[in-house]
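Structure first, then comments.
The values are calculated or read from the model by the stated rules, or taken from the named source; none is laboratory data. Keep in mind that this is a model prediction, so the values were computed, not measured. Cβ atoms come from the backbone with ideal geometry, glycine included; neighbour counts cover every protein chain shown. Accessible surface areas use protein heavy atoms only, side chains included; no ligands, DNA or RNA. Shrake-Rupley method; radii C 1.70, N 1.55, O 1.52, S 1.80 Å.
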Amino acid sequence: MSPSAAPSLETRRIEFPDNDKVRVLCGAHNEHLKLIEKRLGVQVGSRGGQLVVAGQDAEKVGTAERLLGELYELAAGGYPLYLEDVDQATKLAGQNVALKEIFGDTVYVSARHRIITPKGLGQKRYIQAIRDDDIVFGIGPAGTGKTYLAMAMAVSFLVERRVKRIVLCRPAVEAGEKLGFLPGDIAEKVNPYLRPLYDALFDMVDYEKASAFIERGTVEVAPLAFMRGRTLNDSFIILDEAQNTTSEQMKMFLTRLGYGSKAVITGDVTQVDLPTGRPSGLLEVQRVLKGVEGIGFCSFTEVDVVRHPLVQEVVKAYEAFDVERRKAPEAP
């Protein structure tokens, strides 16, 4: 009996006119091509301005071919492709979504000249909701860009003089530690809780300019408890870690909104650090304000994670673990 013939490979050759842009497309040491190979299950080779895509699944080969063509168009248009961009692009492959519509939607250009854009459909909808609605909730797991994109939108609004200041706040709820053990006065005690907001700000605006904004009060960073009794006009307000607000705190925050202002509330309902028995204001507000015109709710999943690729796997693993734990019978 003759041995069975080896399965034939589907092969596509793609010619690009600009070798320099092809090098951008391929990435350092072809890291972009290697990632596409891993994500789509194909083989990609490069030689000069030519890329060769091969694989046993013709549909996957065709998807890779279209993806490489769209990524080249982005590179040819001056977009600086990063590994995380390629990773997100592979998730969009085959969804009949033009990469230009997403990656071409520039939110802000940071002090480091890095172009900040949405990296997926979830982030695209989130950005559009912030543009359209005055109150927007971004709810989903860590690493989906909820806080970072909100900060980018806030800075762009400030630069364009659409608001006069940015107000950043979050509840100072301990995750296993007590505030009393931290040195300093109340401002120094809550500062570590506000660090992620500082980090996002300093990533977009150079240090001197950001420091001047804070000193002048153009950018204000405060714990949620300090917001009571205030009315914020012409402001872009971001409430981070909103899953740790109580019902009363959430209502108090939402009623601070004044004329000419926008509020973005972000949080992950799977990471609530409130004491046992205290319901999360972020969970409740989704039921209370559902269907209210001018308020947008944007949900993110592990597919929208834009941190290290392993972060997405961590989120998925924990979700699967939680499902199995709920299924398991309780021990007597």
**Item:** Where labels lie 7 Å past Cα in the beta-carbon direction, separation of R131 and A98 in nm
**Value:** 1.4 nm
**Prompt:** When N counts the residues of the stretch 1-113, how does its alpha-carbon radius of gyration compare numerically with 2.2 N^0.38 Å, as a ratio?
**Reply:** 1.17
**Request:** Pop a pseudo-label 7 angstrom from the Cα along the beta-carbon direction at both D206 and V109 and give the gap in nm to one decimal.
**Result:** 1.5 nm
**Request:** Calculate what fraction, in whole %, of the accessible area of the chain sits on carbon and sulfur atoms when a 1.4 Å probe is rolled over the protein chains.
**Result:** 52 percent
**Fill in**
From the Cα centre of the stretch 72-91 to that of the stretch 17-71, the distance in Å is 12 Å
**Request:** Provide Rg and Dmax in Å for the stretch 205-332, with only Cα atoms included in the calculation.
**Result:** 18.3, 60
**Asked** With each label point set 7 Å from Cα along the Cα-Cβ vector, what nm distance links H308 and Q56?
**Response** 3.3 nm
**Asked** Can you give the accessible area per residue of the stretch 261-332, in Å², using a 1.4 Å probe?
**Response** 69 Å²
**Request:** Pull out the extension gain between R66 and Y198, defined as 0.36 nm times the separation in residues minus the alpha carbon to alpha carbon distance; nm, one decimal.
**Result:** 43.6 nm
**Item:** All lysines inside 17 Å of K262 as judged from Cα atoms, apart from same-chain residues fewer than 8 positions distant
**Value:** K146, K164, K251
**Asked** Okay, helix-only estimate at 222 nm for the chain: each DSSP H run of n ≥ 4 adds -39500 (n - 2.57), divide by all residues, round to 500 deg cm²/dmol; what do you get?
**Response** -13000 deg cm²/dmol
**Prompt:** Cα to Cα, under 16 Å, and not fewer than 8 places away if on the same chain: which aspartates and glutamates meet these conditions relative to K316?
**Reply:** D268, E302, D304, E324
**Request:** Would you please give the FRET efficiency between E160 and E248, computed as 1/(1 + (r/R0)^6) with r the Cβ-Cβ distance and R0 = 35 Å, to the nearest 0.05?
**Result:** 0.50
**Message:** Using a Förster radius of 51 Å, what is the FRET efficiency between K316 and N19 based on their Cβ-Cβ separation? Nearest 0.05, please.
**Reply:** 0.85
**Request:** Report the far tail of the P(r) of the stretch 89-131, meaning the percent of Cα-Cα pairs longer than 17 Å.
**Result:** 33 percent
**Prompt:** In what sequence, highest mean first, do 143-156, 17-30, 42-55, 115-128 appear when ranked by Cβ atoms within 10 angstrom?
**Reply:** 143-156, 115-128, 42-55, 17-30
**Message:** Let's test this: bin the Cα-Cα distances of the stretch 252-304 at 5 Å from zero up to the farthest pair and state each bin's percent.
**Reply:** 4, 12, 25, 24, 18, 12, 4, 1
**Prompt:** Quick one: what do you get for the chain if you divide its Cα Rg by 2.2 N^0.38 Å?
**Reply:** 1.16
**Asked** Using a cut-off of 23 Å between alpha-carbon atoms, which lysines can reach K60, once sequence neighbours fewer than 8 places away in the same chain are excluded?
**Response** K34, K38, K91, K100, K119
